[in-house]
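Read the structure below first, then the notes.
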Amino acid sequence: MHGRFSDVPLIAGVDEVIDLLGRAIVTDQGHSETAQSVEAIAKSIRSRRPGTPADFAVRLDKCWPLHPITAVVLGPMSRRRFGQNERSVFGFLASAEPGGFQDFLRAEPAATHELFGPDRFWDYLRINLEPAILASNDSHRWAQGADAIERCEARGTALHVRIAKSIALIDMFRNGSGLAADRATLTACIHDASNGAIDAVVADL
């Protein structure tokens, strides 16, 4: 029978990936403080993807401590091929790569209520996949984002850098995700900064 079958990758949509993540990540830690940001992101996505399930916010919430933005972009990320590196959702969850999810869990106990946010996910991609991304069809978009982040690191504040990384990540995986770097989404990305501070930073970028 050898040679008669070939591996066919499972291409899951955003909603299916969110469900998979919610079942794979198990925690008994309450996190009511994220409810507002989860709902804001779900509402923003529903405005661009009318077929988004009505309970999408509930599904996103089950992905904690992944930030909802990170959870949403994992689907599009898993469908990309960076060089010979085909990235699976479960590979990301289980990987011991520097800056990855397991690394985060070891450094940030659940009781701290820290999230694996979009800025952390950008750092993970930069540390582990940047050469492969630069050799892929996403190279131009990545280079633009990296250049903006470097300018923020040189002249801006830590908040400038976090927002720049969040915008770059959303832009990188916006196709098919329903995400856009609108005000509501950016406010949800940076839950520990005021709306006024976020607006001021966005005006600077």
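Please treat every number below as a calculation from the coordinates, not as lab data. Being a predicted model, the structure only gives us computed values, none of them experimental. Every residue, glycine as well, gets a Cβ built from its backbone with ideal geometry; the counts of neighbours run over all protein chains shown.
Taking other Cβ atoms within 10 Å as a rough exposure proxy, ARG155, ARG48 sort from fewest to most as ARG155, ARG48. Rounded to 0.05, the FRET efficiency of the ARG48 and ARG106 pair, given R0 = 25 Å and the Cβ-Cβ distance, is 0.10.
By the scheme Lys and Arg +1, Asp and Glu -1, what is the net charge of all other residues having a beta-carbon under 15 Å from that of ASP123? With Lys, Arg at +1 and Asp, Glu at -1, the neighbours total -4. Per residue, the convex hull spanned by the Cα atoms of segment 21-80 amounts to 86 cubic angstrom. Starting from 0.36 nm per residue, how many nanometres of slack lie between ALA94 and ALA180 once their C-alpha separation is accounted for? So the extension gain works out to 28.2 nm.
A Cα-only calculation for segment 49-165 places Rg and Dmax at 15.1, 42 Å. In plain terms, the residue of ILE127, ILE190, ILE149 with the fewest other Cβ atoms within 10 Å comes first and the most crowded comes last, giving ILE127, ILE190, ILE149. Using R0 = 22 Å, the C-beta based FRET efficiency linking VAL58 and ASP138 works out to 0.10. For ARG155 and HIS31, a Förster radius of 25 Å and the Cβ-Cβ distance give a FRET efficiency of 0.15, rounded to the nearest 0.05.
Entry note, the chain: the mean residue ellipticity at 222 nm calculated from DSSP H runs of n ≥ 4, each adding -39500 (n - 2.57), is -18000 deg cm²/dmol after division by the residues and rounding to the nearest 500.
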